[in-house]
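Chemist: Before I ask anything, let me first share the structure, which is written out below as structure tokens.
The values are calculated or read from the model by the stated rules, or taken from the named source; none is laboratory data. Computed from a predicted model, the values in this text were never measured in an experiment. All Cβ positions, even for glycine, are placed from backbone atoms using ideal geometry, and neighbour counts span all protein chains on display.
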Amino acid sequence: MAENPTLTLDDFVCFTLYGAGLAMNRLYKPLLDPFGLTYPQYLVLTALAEKDGVKVGELGERLQLESNTLTPLVKRLEAAGMVSRQRDAADERVVRVSLSEAGRYVIAQAHACIPQQVLEASGLTMEEVSDMNAKLKKLQAALADS
């Protein structure tokens with residue numbers, strides 16, 4: 001296979017996405033610290049604020065997390081008083097996760113300031129962010145289907 005000397009890391013979308021993801025995680029850490037949350041915990045609370053009382057499996061699908069990653073996250077949030085886990089009344093094999101009052105309060109407070117701080121840090125307009133998000137979702141869907 002012939003080498004292409006003009007191809008650099010910066011030419012790879014995967015590398016750009018990787019770097020953007022790392023930068024985004026670095027940005028979120030100090031924003032989430034006052035709330036006592038990690039980025040994955042923030043995502044769990046955000047997903048539950050979107051749709052509460054969901055099955056653990058549904059939550060995993062929504063967050064694209066495997067059970068062995070999600071379960072410890074949920075247990076830590078439960079220990080912190082942010083969520084509760086309960087067996088489903090109709091099927092005891094099913095566990096549902098719900099926001100507690102403390103979890104609702106924390107995620108409402110976080111949502112009141114963090115999205116604006118992230119937007120400001122990005123240097124982009126809301127329209128540019130929305131456009132980029134739509135394109136990334138399209139890319140994600142295409143790659144998932146391939």
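Chemist: Would you confirm, using the coordinates I've provided, whether R62 is more than 26 Å from K137 (Cα to Cα) and basic (K, R)?
Modeler: It is false that R62 is more than 26 Å from K137 (Cα to Cα) and basic (K, R).
Chemist: I've got another one for you. Kindly provide the set of residues from region 2-37 that are more than 22 Å from L139 (Cβ to Cβ) and either touching a Phe, Trp or Tyr at 6+ places or on another chain (Cβ under 9 Å) or in contact (Cβ under 8 Å) with a residue 24 or more places away in the chain (or both), ordered by number.
Modeler: Result: K29, L31, L32, F35, G36, L37.
Chemist: Next question. Return only the number of the condition from (1) more than 29 Å from V13 (Cα to Cα); (2) in contact with a helix residue (DSSP H, G or I) (Cβ under 6 Å, 6 or more places away or on another chain) that G60 does not satisfy.
Modeler: Only one criterion is unmet by G60, namely (1).
Chemist: Additional query: Out of region 84-105, which residues are assigned to a helix (DSSP H, G or I) and either basic (K, R) or touching a residue at least 60 places away in the same chain (Cβ under 8 Å) (or both)?
Modeler: R104
Chemist: If we keep just the residues of region 1-55 that are surrounded by 12 or more Cβ atoms within 10 Å (Cβ to Cβ), over 15 Å from the mean Cα position of the chain (by Cα) and β-branched (V, I, T), which is nearest to L119 (Cα to Cα)?
Modeler: In this case the residue turns out to be T16.
Chemist: Between A49, A112, A121, A108, which is part of a helix (DSSP H, G or I), farther than 26 Å from K135 by Cβ and in contact (Cβ under 8 Å) with a residue 40 or more places away in the chain?
Modeler: Just a single option satisfies the conditions, and that option is A108.
Chemist: Let me ask you something else. Can you find, within region 124-146, the residue that is surrounded by the fewest Cβ atoms within 10 Å (Cβ to Cβ) among those that are assigned to a helix (DSSP H, G or I) and more than 18 Å from the chain's Cα centre (by Cα)?
Modeler: The residue in question is D145.
Chemist: Pairs please, first residue from region 125-137 and farther than 22 Å from Q64 by Cα, second anywhere and surrounded by 12 or more Cβ atoms within 10 Å (Cβ to Cβ), Cβ atoms under 8 Å, 6+ apart in sequence or on different chains.
Modeler: Here the result reads M126/L119, each pair linking region 125-137 to a residue that is surrounded by 12 or more Cβ atoms within 10 Å (Cβ to Cβ).
Chemist: Here is a follow-up. Of all residues in region 71-101 being over 19 Å from Y39 (Cβ atoms) and aliphatic (A, V, I, L, M), which is surrounded by the fewest Cβ atoms within 10 Å (Cβ to Cβ)?
Modeler: Out of the qualifying residues, it is A90.
Chemist: Shifting gears a bit: In region 87-104, what residues are out of contact with any strand residue (DSSP E or B) (no Cβ under 7 Å at 6 or more places or on another chain), among the aliphatic types (A, V, I, L, M) and either farther than 13 Å from G53 by Cα or modelled with pLDDT of 95 or more (or both)?
Modeler: A90, A102
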